[in-house]
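Here the structure comes first, spelled out in structure tokens, and everything after it is commentary.
The values are calculated or read from the model by the stated rules, or taken from the named source; none is laboratory data. Please read these numbers as outputs of a predicted model, since none were measured by experiment. Counting neighbours? That spans all protein chains shown, and the Cβs are built from the backbone with ideal geometry, glycine included.
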Amino acid sequence: MSSTLFEKSHVGRKGINIPKQSVNDAPKLDASLLRDTKANLPEVSEFDVVRHFTRLSNKNFSIDANFYPLGSCTMKYNPKVQERVGGLAGLANLHPHHITNNQTHLVQGALSSLKTLENNLCEITGMEAFTLTPQAGAHGEMLGVMMIGAYHKKKGNNKRYVIVPDSSHGTNPATAAMVDYDVITVKSNKDGSMDFEAFKEVMSDEVAAVMMTAPNTLGLFNPAVKKICDLAHSYDALMYYDGANMNAIMGVVRPGDIGFDVIHLNLHKTFATPHGGGGPGAGPVGVGNKLKEFLPDLQVGFSEEKGYFFDTPHQNCIGKISPFFGNYLVLVRALVYMQTLGKEGMINTSKKAVLNANYILAKLKPHLKAAYPNQLCMHECVFSAEDLTKEYGIKAMDIAKYLLDFGLHAPTVYFPLIVKESIMIEPTETENIDTIDYFCQKMIDAVELAKSNPEAFKEFPKTLPISRPDETKAARSLNIRWQ
Amino acid sequence: MPYIPHTAQDVRKMLDVIGIKEESNLFDAIPNELRAKSFDLPEGLSEFEVFDNFAALANQNDTSKISFLGGGYYDHIIPTAVDSLSTRSEFYTAYTPYQAEASQGTLQALYEFQSMICELTGMEATNASMYDGGTAMAEAALMAVRVGRSKKKKILVDSGVNPIYIKIVKTYLAYHDLEVIVLDVKNDGCDKERLLSLIDKDVAGYIFQNPNFFGSVEDYSEIITALHDVKALAIMSSYPIALGILQSAKDVDADIFCGDGQSLGNYLGFGGPSFGILACKEKYIRNLPGRIVGITDDAEGRRSYVLTLQAREQHIRRDKATSNICSNQNLMALRATIFMALIGKEGFVKLSNQNFNNASYLKDELSKVEGISIYNQNPTFNEFVIELPMSSSEFINKMESKNFFAGLKLDALYENFENKVLVSATEKRTKAQMDEFVKSVKEIV
């Protein structure tokens, strides 16, 4: 039963005890400053709460229990030791205003962890410097584009546009808009990469930046990326690297070596910090020399005599985008992961992520139309259910829902937008061959069922707490809080 | 190799199916001139070695002293059940709940989160959380601009708003044709005369914080009426625990509420992760960024929770979205939901009162110390500013040697505040600890 805690509430039922007040009550504040009615929070016992949320947890898929072949999301195993470290009192209870107070002697451990992480990220990506302040990938993206804006402003460049390929994540154009740039979208060519000729046509003095994901959301590495960088730079446009797909290329390619000026990474993807059901993430941003001076307020410095300290922001610093060091306890988890993997572990991670994706591509392409069947993919592969839709009325979403009944999370569907009825699969390196074989078999079963009995798809999923919800109704008769 | 299950036989079998000879062939599409020039990182370690390293590193931080440090981030109780439930891996290793059928747990929890946040703030609509209080405030300002159809170009910010948040608002708004006007600090409260003179039809919104950064509590109703007269929005920021007893956003007729959720069951964590609260009147919901959960039915008529109004969001609307925000601080919002449920309706009022009573006691006692005066002219809630006969640095350092984190140095954030320190006391502080604190203050001033 999906009753809310509000329905389980009983007047007078108590939850936990708070510590006993040891001082006398102060005189009450003037009534004009006080609220009229109490906030109507539930009245439930501790055990009520525990049972309620335990039962709710049982209604979730999770990476610990289920395979998530989710393209562009990198749902890999989150090592347990991360949680143990994240719970250390010396980290979890550390007050951020020691930063404001400039009490560096109280936070040397935290600062050293941040510096180590920064250094690692620089080496992994080939960038010159990193900021750890962004709280998510999209937040990092926004910071990156802001710094690009500040760069052009300082140079007196009159720039209006940001170029993105049509395969880009939705956050790319949304970010450009948040920094007040207009977006130019460039078509992909038949190989799935941003078309160089089409790109050349829209490139002009008014372009501020080009945002690219490499490998892109089709799981393909654009071999023209260097040419694109060079052309953009000849117009003094800066190259933005969306690091969402970094898991494919650790130790193989470094965006900094190619000539990217700014990059964000999603630590909750490549560096295995838990997705948390939608957050918290962390989106550190790396820059090359052109953008160093614009880095946001709050960087860690180090010297032999002073130890770790807070660097004075450069006069061209773009300001603050988060209060302190972003989601610090997420950053710590990523560092834990890096240290257990080490250099060889990271290289092997990317190899196996790409191996797993190509294995799926090879196994499924005789059964389902691959978007780019004649080339190897990187860490993810994209299929199209278009033929099944035309012939049997079965859409990508139908296949996604079918899989749920077998304990398999849906792949990413309807993204990237340029492949019709797209099904995008990213297995990650942490899944073993048995799980992948099982998944492939269920995909093949789904295709066969689409041909033999398309009607059957209407009822999937049938074993989960709910079947397909009426999303139109949810938006039309809006109910977003208990009343 | 940690976390990689492949045996040599697995790899061989997979390469054969793919039809390539070696693993390195997987990367043949990448030209040599694009290959990494360096990848110089340490060797991997076992989890035991890594844990020991971090345990040693955590020991180089100091969290041992009795804390009176606040300024928006507080040392509050965290019930054990918050940890036990939020660390269930069914919650923390789940993905964003786009597949509703496989995410009813997360979705229902978020619906309950939204319900509780609406109760606390008095607002009619809220989302599933923002990154933190500062970014929520910046998004609130951008919301006010959208509501004004981008014709109103001014955002007024009260002098009592968290100065770190003000910096974030300024950064977010710097790339738009907008003016951010921050009122000068006159004293601990709102400079109503100056403010009223600045309110005109070009104002999209006015941001205020209650209790403000100096801890002062005021009634903003009159100002909000003046704002509404020129169709400007009132954006209220507050600290959730204060809403147990202080006026909610609804009580003062504010249009948008923003705030930080650390105090609702989340660790200080050197500043994060926490979460941001962003709530509003129902009529502004289509301008609200971020994920929103709603109730609907499935085919069998069963109650179902889903993400709704997604047409506002980046994955659908791309450059026309209300914001580029993609994630929420889901796990922190879940912790807050569990926290609020455990504290409960009556408990929350009690908790709020206890913070007020403790801080009031401490303020009273400190005001009796010779050489110390209280800066606040207005009533205060859980914190207040003391003026010292010495520099704030000297005071903080001396108190540290007496085993206290004595407060926040305001000269780090304001000009001409050399001898002022912001002091807070939560429900965790006992009379004995506060008496010891006052005794130590007497010894050093």
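Applying the criterion of being in contact with a helix residue (DSSP H, G or I) (Cβ under 8 Å, 6 or more places away or on another chain) and free of Cβ contacts under 8 Å to residues at least 40 places away in the same chain to the residues of region B:271-297, the residue that is surrounded by the fewest Cβ atoms within 10 Å (Cβ to Cβ) is B:Arg286. May I ask you to verify whether B:Thr121 is under 22 Å from B:Leu331 (Cα atoms), touching a residue at least 24 places away in the same chain (Cβ under 8 Å), out of contact with any strand residue (DSSP E or B) (no Cβ under 7 Å at 6 or more places or on another chain) and polar (S, T, N, Q)? No.
Among the residues examined, A:Phe302 qualifies as in contact (Cβ under 8 Å) with a residue 12 or more places away in the chain, farther than 25 Å from A:Ala138 by Cβ and more than 9 Å from chain B (Cβ to nearest Cβ). Scanning region B:352-375 for residues that are in contact with a helix residue (DSSP H, G or I) (Cβ under 9 Å, 6 or more places away or on another chain) and buried (at least 22 other Cβ atoms within 10 Å of the Cβ) yields B:Ser352, B:Asn355, B:Phe356, B:Asn358, B:Tyr361, B:Leu362. Starting from region B:39-61, keep only residues that are closer than 30 Å to A:Asp257 by Cβ, then list their pairs with residues that are assigned to a loop (DSSP other than H, G, I, E, B) whose Cβ atoms are within a distance under 7 Å, requiring at least 6 positions of separation or different chains. Every condition considered, the pairs that remain are B:Phe39/A:Gly251; B:Gly44/B:Pro2. The residues in region A:410-460 that are more than 13 Å from chain B (Cβ to nearest Cβ), among the charged types (D, E, K, R) and more than 24 Å from the chain's Cα centre (by Cα) can be counted, and the count is 5.
For (1) over 28 Å from A:Tyr161 (Cβ atoms); (2) outside the structural domain of B:Asn212 (by TED's automatic domain parsing); (3) in contact (Cβ under 8 Å) with a residue 12 or more places away in the chain; (4) touching a Leu at 6+ places or on another chain (Cβ under 7 Å), each residue gets a yes or a no:
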position	(1), (2), (3), (4)
B:Glu112	yes, no, yes, yes
B:Met137	yes, no, yes, no
B:Ala141	no, no, yes, yes
B:Val169	no, no, yes, no
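Considering region B:299-314, and only residues there that are in contact with a helix residue (DSSP H, G or I) (Cβ under 8 Å, 6 or more places away or on another chain) and of a type outside the set (Gly, Ala, Ser), the residue that is farthest from A:Gln135 (Cα to Cα) turns out to be B:Tyr305. For region B:338-366, the set of residues classified as among the hydroxyl-bearing types (Ser, Thr, Tyr) and facing chain A (nearest Cβ under 8 Å) consists of B:Ser360, B:Tyr361, listed by residue number.
Residue by residue through region B:45-92, note down the ones that are of a type in the set (Ser, Thr, Tyr) and over 30 Å from B:Phe214 (Cβ atoms). Within region B:45-92, B:Ser46, B:Thr80, B:Ser84, B:Ser86, B:Thr87, B:Ser89, B:Tyr92 qualify.
Residue selection: A:Met239 satisfies the criterion of being touching a Cys at 6+ places or on another chain (Cβ under 7 Å) and either closer than 25 Å to A:Arg160 by Cβ or not in a strand (DSSP E or B) (or both). Given the criteria among the polar types (S, T, N, Q) and surrounded by fewer than 24 Cβ atoms within 10 Å (Cβ to Cβ), does A:Asn266 qualify? No; evaluated as a whole, the condition is false for this residue.
For region A:233-257, a residue qualifies if it is out of contact with any helix residue (DSSP H, G or I) (no Cβ under 9 Å at 6 or more places or on another chain) and either buried (at least 24 other Cβ atoms within 10 Å of the Cβ) or within 11 Å of chain B (Cβ to nearest Cβ) (or both), and exactly one does: A:Asn245. Cβ separations smaller than 7 Å between residues 6+ apart or across chains give the following pairs from region A:14-32 residues that are surrounded by 11 or more Cβ atoms within 10 Å (Cβ to Cβ) to residues that are assigned to a loop (DSSP other than H, G, I, E, B) and basic (Lys, Arg): A:Pro19/B:Lys428.
Could you tell me which residue of region A:324-341 is surrounded by the most Cβ atoms within 10 Å (Cβ to Cβ), considering only residues that are in contact with a Leu (Cβ under 7 Å, 6 or more places away or on another chain) and within 7 Å of another protein chain (Cβ to nearest Cβ)? Among residues in region A:324-341 that are in contact with a Leu (Cβ under 7 Å, 6 or more places away or on another chain) and within 7 Å of another protein chain (Cβ to nearest Cβ), the one surrounded by the most Cβ atoms within 10 Å (Cβ to Cβ) is A:Gly326.
Among the residues of region B:372-398, those identified as in contact (Cβ under 8 Å) with a residue 12 or more places away in the chain, over 28 Å from the mean Cα position of the chain (by Cα) and part of a helix (DSSP H, G or I) are B:Phe395, B:Lys398. If we keep just the residues of region B:192-213 that are β-branched (Val, Ile, Thr) and under 26 Å from the mean Cα position of the chain (by Cα), which is surrounded by the fewest Cβ atoms within 10 Å (Cβ to Cβ)? Among those that are β-branched (Val, Ile, Thr) and under 26 Å from the mean Cα position of the chain (by Cα), it is B:Val203.
Among the residues of region B:310-347, those that are under 25 Å from A:Asp166 (Cα atoms) and assigned to a helix (DSSP H, G or I) comprise B:Gln310, B:Ala311, B:Arg312, B:Gln314, B:His315, B:Ile316, B:Arg317, B:Arg318, B:Asp319, B:Lys320.
Right, B:Ser274: in a loop (DSSP other than H, G, I, E, B) and farther than 26 Å from B:Arg146 by Cβ or not? No. If you scan region B:60-119, which residues turn out to be on the phi > 0 side of the Ramachandran plot and at the interface with another protein chain (Cβ under 7 Å from one of its Cβ atoms)? The answer is B:Gly71, and nothing else. When A:Glu344 is tested against the conditions (1) touching a residue at least 40 places away in the same chain (Cβ under 8 Å); (2) within 7 Å of chain B (Cβ to nearest Cβ), the lone failure is (1). Here A:Glu123 clears all of (1) part of a loop (DSSP other than H, G, I, E, B); (2) out of contact with any strand residue (DSSP E or B) (no Cβ under 9 Å at 6 or more places or on another chain); (3) not aliphatic (A, V, I, L, M) except the condition numbered (1). Restricting to helices (runs of 4 or more DSSP H) lying wholly in region A:392-483: which have 1 or more residues that are under 30 Å from A:Gly345 (Cα atoms)? Once the helices (runs of 4 or more DSSP H) in region A:392-483 are filtered for at least 1 residues that are under 30 Å from A:Gly345 (Cα atoms), what remains is A:433-452. Across region B:42-53, not a single residue is classified as more than 7 Å from chain A (Cβ to nearest Cβ), more than 37 Å from the chain's Cα centre (by Cα), at pLDDT 95 or above and not in a helix (DSSP H, G or I).
Report yes if A:Asp387 is touching a Leu at 6+ places or on another chain (Cβ under 9 Å), crowded, with 17+ Cβ neighbours inside 10 Å and either part of a helix (DSSP H, G or I) or basic (Lys, Arg) (or both), otherwise no. The answer is no for A:Asp387.
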